[in-house]
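Undergrad: Sharing a structure below in structure tokens format, with a few things to ask.
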Amino acid sequence: MKNLQQTFNEVIILIICGVLFSAYCVEFFWHEVPCPLCMLQRLGMVGAASGCLLNVRFGIKMSHYGLSLLSSLVGGTVALRQISLHVCPGMPTFGFPVLGLSLYTWSFVVFACVVLSIAGLLFLYDPLKDEQEAPTKNKLATISFGVLLAITAANALTTFLHCGLGPCQE
Amino acid sequence: MALLFLVFTIAILLMAFNMRKAALIVAVINLLLILAMFWHHVTDVLKISL
């Protein structure tokens, strides 16, 4: 059961990295500069993936799931705020729509899915068994660690080039 | 905001050096900074609309 939980955590990390990578594709291929709220949503995704990465590296723990849930909650709130800014009829949406929905709406869907999947994983969680066993090291764990580190560092670099160390301008 | 990404990068690197507690604390502090940045943005918009 523990291996199943670990694999699910690795899959969540890779899915979040895929979403961050696709945001990068939109940024570079459609030349869309991300807004400050988009950056905060990306940060929320990195935080949620970091919690899952802690599970993968150090074993399943409640505090790791707590970090993922908290990050998803923060990111989801930011996404909801951005949706509410554009929800009035006649208001233009921000950015390029993907499959009929704006990127910030997709971002809210991603955060909701992360919360739902962690809720599902918590059903499998057994504190007596899971916290005593050491995590198993496999290829997927190494790949998810490398991909998350690379995408977070790349985001740090491109954000620095766009807006420096301070807050980004609208 | 680049600083916030940088702090997450440091948290992930701390995991590579088996510093679990430090990584967790750094990530949680970063989340608080994200919330502060979000609050800064919300109050800025409120000021403009008022």
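Every residue, every condition in (1) in a loop (DSSP other than H, G, I, E, B); (2) surrounded by 12 or more Cβ atoms within 10 Å (Cβ to Cβ); (3) of a type in the set (Ser, Thr, Tyr); (4) over 17 Å from the mean Cα position of the chain (by Cα), yes or no:
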{"position": "A:LEU116", "(1), (2), (3), (4)": "no, no, no, no"}
{"position": "A:LEU128", "(1), (2), (3), (4)": "no, no, no, yes"}
{"position": "A:ALA134", "(1), (2), (3), (4)": "yes, no, no, yes"}
{"position": "A:ASN155", "(1), (2), (3), (4)": "no, yes, no, no"}
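Listed here are the residues, each with its yes/no results for (1) more than 9 Å from every other protein chain (Cβ to nearest Cβ); (2) hydroxyl-bearing (Ser, Thr, Tyr); (3) under 19 Å from B:VAL26 (Cβ atoms).
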{"residue": "A:TYR104", "(1), (2), (3)": "yes, yes, no"}
{"residue": "A:THR142", "(1), (2), (3)": "yes, yes, no"}
{"residue": "A:VAL147", "(1), (2), (3)": "yes, no, no"}
{"residue": "A:GLY164", "(1), (2), (3)": "no, no, no"}
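Undergrad: Sticking with this one: Which residues, counting only those in segment A:109-118, are touching a helix residue (DSSP H, G or I) at 6+ places or on another chain (Cβ under 8 Å) and more than 15 Å from A:ALA49 (Cα to Cα)?
TA: Listed by number, the list is empty, since nothing qualifies.
Undergrad: A follow-up question, please. Of the conditions (1) out of contact with any His (no Cβ under 8 Å at 6 or more places or on another chain); (2) buried (at least 18 other Cβ atoms within 10 Å of the Cβ), A:ILE143 satisfies every one except a single condition; which number is it?
TA: (2)
Undergrad: If I filter segment A:32-44 for residues that are touching a Leu at 6+ places or on another chain (Cβ under 8 Å), more than 9 Å from chain B (Cβ to nearest Cβ) and closer than 20 Å to B:ILE12 by Cβ, do I get at least one hit?
TA: For segment A:32-44, residues touching a Leu at 6+ places or on another chain (Cβ under 8 Å), more than 9 Å from chain B (Cβ to nearest Cβ) and closer than 20 Å to B:ILE12 by Cβ: absent.
Undergrad: Being surrounded by 14 or more Cβ atoms within 10 Å (Cβ to Cβ) and within 11 Å of chain B (Cβ to nearest Cβ): is that true of A:ILE151 here?
TA: yes
Undergrad: Please determine whether any residue of segment A:57-80 is in contact with a His (Cβ under 6 Å, 6 or more places away or on another chain) and within 14 Å of chain B (Cβ to nearest Cβ).
TA: No, every residue in segment A:57-80 fails to be in contact with a His (Cβ under 6 Å, 6 or more places away or on another chain) and within 14 Å of chain B (Cβ to nearest Cβ).
Undergrad: Any chance segment B:8-25 includes a residue that's more than 9 Å from chain A (Cβ to nearest Cβ), modelled with pLDDT of 90 or more, assigned to a helix (DSSP H, G or I) and farther than 27 Å from A:LYS137 by Cβ?
TA: No, every residue in segment B:8-25 fails to be more than 9 Å from chain A (Cβ to nearest Cβ), modelled with pLDDT of 90 or more, assigned to a helix (DSSP H, G or I) and farther than 27 Å from A:LYS137 by Cβ.
The values are calculated or read from the model by the stated rules, or taken from the named source; none is laboratory data. Every value quoted in this text rests on a predicted model; they were computed, and no experiment measured them. As a convention, Cβ positions derive from the backbone with ideal geometry for all residues, glycine included, and neighbour counts pool all protein chains shown.
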